[in-house]
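What follows draws every value from the coordinates through simple rules; no lab data is involved. Not measured: the values here are computed from a predicted model.
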């Protein structure tokens with residue numbers, strides 16, 4: 001799942017070196033903390049949070065295949 005999230009985020013940002021994804025894995029849940037360069041935060045969040053919501057939806061579908069719940073937090 002981490003690789004899929006990294007691919008999605010990297011395709012959205014200009015500064016790929018500024019992308020950092022921290023994964024906290026629990027027994028039945030996974031929390032991803034995504035940090036990008038400040039100039040790319042708007043691209044990742046999107047207008048009214050639509051892109052962030054779409055990313056969360058995709059990741060929830062991937063997590064459901066593994067029988068887990070996923071949460072994604074975008075950190076400034």
Over the chain, consider all pairs of different Cα atoms and compute the Kirkwood hydrodynamic radius from their mean reciprocal separation; express it in Å, one decimal. 12.5 Å
Using alpha-carbon coordinates, inclination of helix 50-65 to the longest axis of the chain, degrees: 20 degrees
Have a look at 47, 60, 35 and tell me which one the Gaussian network model of the chain (Cα, springs below 10 Å) gives the largest fluctuation. 47
Mind listing P(r) for the stretch 1-40? All alpha-carbon pairs, 10 Å bins, whole percents. 30, 51, 16, 3
